[in-house]
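Below: the structure, in structure tokens.
Just so it is clear, none of the values below were taken in a lab; they were calculated from the coordinates. Remember, it's a predicted structure, so these values are computed and weren't measured experimentally. Note that each Cβ is placed from the backbone with ideal geometry, even for glycine, and that neighbours are counted across all protein chains shown.
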Amino acid sequence: MDRSRFVSLAVGAFGLVFVSFLLRGTTRLVAPYEVAVAVSSPVLFAAAALMAVLVVLAVLDATGIRRLT
């Protein structure tokens, strides 16, 4: 994976967090809180998983095990 792809995935992860908050807020306008959380949580978990993968890749690059070219 090259560095530009890594950065674009990081921006995508933060975009998913933003989308999750938008989903929760707009759903909260028309549905109860529990429904809003249920709608937004899969997107938030996907963002968290992507961030976890990116952290692992960054640690592997920092230790020299796998380089980001």
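Axis of helix 3-30 versus longest Cα principal axis of the chain: the two differ by about 10°, to the nearest ten degrees. Taking Cα atoms only, the orientation of helix 33-63 departs from the longest principal axis of the chain by about 10 degrees.
When the Cα centres of the stretch 45-61 and the stretch 1-42 are compared, how far apart do they sit, in Å? So the two Cα centres are separated by 16 Å.
Net charge in the neighbourhood of residue 36 (other residues with Cβ under 11 Å of its Cβ; Lys, Arg +1, Asp, Glu -1) is +1.
Note: relative contact order over the chain, using C-alpha pairs below 8 Å and six or more positions apart, is 41 percent.
In the list (i) 14.3, 49; (ii) 11.3, 32; (iii) 15.5, 50, the label attached to Rg and Dmax of the Cα atoms in Å as derived from the coordinates here is (iii).
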